[in-house]
Amino acid sequence: MSGRTAREYIGCNRGQECAGCELKSRCVPGKSEARSIYQDEYDAVRKRAADRLGTEAGKKAYSRRWSRRAGKGRFGVIKSVMGVRQFLLRGMKKVSMEWNWTAVAYNLKVMVRHQIESKGALATAG
């Protein structure tokens, strides 16, 4: 099966209940008269995860995830803003040194930005 999970057809409302439903336009696609529902073997897991993320604790935990925002942003800034797209030196030791300088430059940039933002916050508070 080319890596996809099998989807099981679990039901179709033949339009009896849909005809008088005020929410029909939301759940029945296009010009269809009824809604077909499919599920695969992971739907129960997805439902449990969605239920957990719907709670206050789940929302708080999800907001702390760094993978959504930090990883791509750091390398994007290094590549596009700082212009570091390839190493200029050759050899592992020299490349490591060059990367360390790039990381120091990026961290200084972040520290300066935080310093400016904190002074701005102090100025508006006082």
- [ ] Could you tell me whether any residue of the range 40-56 is at pLDDT 75 or above, in contact with a strand residue (DSSP E or B) (Cβ under 6 Å, 6 or more places away or on another chain) and surrounded by 11 or more Cβ atoms within 10 Å (Cβ to Cβ)?
- [x] yes
Open item on the list: Looking only at the range 83-96, filter to residues that are loosely packed, with under 13 Cβ neighbours inside 10 Å and hydrophobic (A, V, I, L, M, F, W, C); which one of those is nearest to residue 73 (Cα to Cα)?
Closed with: 88
Open item on the list: Being of a type in the set (S, T, N, Q) and at pLDDT below 90 is true for just one of 80, 96. Which residue is that?
Closed with: 80
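The values are calculated or read from the model by the stated rules, or taken from the named source; none is laboratory data. Note that this is a predicted model, so its numbers are computed, not measured. Cβ coordinates were reconstructed from backbone atoms using ideal geometry, including for glycine residues, and neighbour counts include every protein chain displayed.
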